[in-house]
Amino acid sequence: AELDVTAMAVSYHVSTRRDLLLAMIDLAFAELNSPSKSDTPKERLRELLIRYVQFGEENTYLVRAALQDPYLMQAQLLEFTNALRMETQAVNSGDDADELLNLLVDYAHGHIFAVAAAPKGEGPDLAIFLRSLDWVLDRLD
C-alpha cells in the first residue's frame, strides 16, 4: 500500500516470495561491489569489511536471510566475497584455505548480529569492530 503497488502486481513479476527476496538481496548487495579507493591490499580489505559491516547493520534481516539459505547467495554477494578473498590472499601469503577470510567474515557477522540483538543504541559500535579488526590486520605485517 505504501508503494502504491498491489500484491497481484508484484506476483505478476515475481513468481515466489523466495524469488522476491533473492531479487531484493541481489539489488541491496550490489552497493557493496563498488571499487575500493585504497592503495594497498590491507587498506582495501579494511575498507571492504567496513562497508560490509555498515551495510549489515542497516540490513540485518537481508544478511541473515542470505546466510540461512545458500540459494540466496547470488552474484552480488559472491562477487563481494571474491573481492574479500583476493585481498586476504594478498595480505596472508596466499590464504590458500581461506582461514583469514573466514575469520574476518565470521567476526563481521558476529558484530552485525550483536548490534541487531542489542537494544537500539546499546550494541557495539563501529569503533569496537575497527579496534579488533585493526589488531588483526596489524599482525599481518
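The values are calculated or read from the model by the stated rules, or taken from the named source; none is laboratory data. What you see is a predicted model; the values in this text were computed from it and never measured. Because the Cβ atoms are built from the backbone with ideal geometry, glycine has one as well, and the counts that use them run over all protein chains shown. Note: areas computed on protein heavy atoms with side chains; ligands, DNA, RNA excluded. Shrake-Rupley method; radii C 1.70, N 1.55, O 1.52, S 1.80 Å.
Please list, ordered by first then second residue, the pairs with beta carbon atoms under 7 Å, 6 or more apart or interchain, first in segment 72-86 and over 24 Å from Thr40 (Cβ atoms), second surrounded by 18 or more Cβ atoms within 10 Å (Cβ to Cβ) and among the small types (Gly, Ala, Ser). Taking only residues 6 or more apart or on different chains, the pairs are Leu72/Ala66; Met73/Ala66; Leu77/Ala66. Taken over segment 27-43, the criterion of being open to solvent by less than 50 Å² (accessible area, probe 1.4 Å) and farther than 25 Å from Leu140 by Cβ is satisfied by Ala28, Phe29, Ala30.
Val63 passes every criterion in (1) open to solvent by less than 60 Å² (accessible area, probe 1.4 Å); (2) at pLDDT 90 or above; (3) assigned to a helix (DSSP H, G or I) apart from (2).
Checking segment 44-56 against the condition returns a match, with at least one residue being hydroxyl-bearing (Ser, Thr, Tyr), under 29 Å from Trp135 (Cα atoms) and either in a helix (DSSP H, G or I) or open to solvent by 50 Å² or more (accessible area, probe 1.4 Å) (or both). When Phe129 is evaluated against the numbered criteria (1) aromatic (Phe, Trp, Tyr); (2) over 30 Å from Thr16 (Cα atoms); (3) free of Cβ contacts under 8 Å to residues at least 60 places away in the same chain, which criterion, by number, is the only one it fails? Evaluating Phe129 over (1) aromatic (Phe, Trp, Tyr); (2) over 30 Å from Thr16 (Cα atoms); (3) free of Cβ contacts under 8 Å to residues at least 60 places away in the same chain leaves (3) as the failure.
Taken over segment 98-114, the criterion of being touching a residue at least 24 places away in the same chain (Cβ under 8 Å), within 14 Å of Gly56 (Cβ to Cβ) and open to solvent by 40 Å² or more (accessible area, probe 1.4 Å) is satisfied by Tyr107, Phe113. Report, by residue number, each residue of segment 87-141 that is in a loop (DSSP other than H, G, I, E, B) and under 16 Å from Glu47 (Cβ atoms). Answer for segment 87-141, where residues must be in a loop (DSSP other than H, G, I, E, B) and under 16 Å from Glu47 (Cβ atoms): just Leu140. Checking Arg85, Arg17 one by one, the residue that is surrounded by 12 or more Cβ atoms within 10 Å (Cβ to Cβ) and of a type in the set (Lys, Arg) is Arg85 and no other.
Of the conditions (1) at pLDDT 85 or above; (2) within 23 Å of His111 (Cα to Cα); (3) acidic (Asp, Glu), Asp39 satisfies every one except a single condition; which number is it? Condition not satisfied by Asp39: (2).
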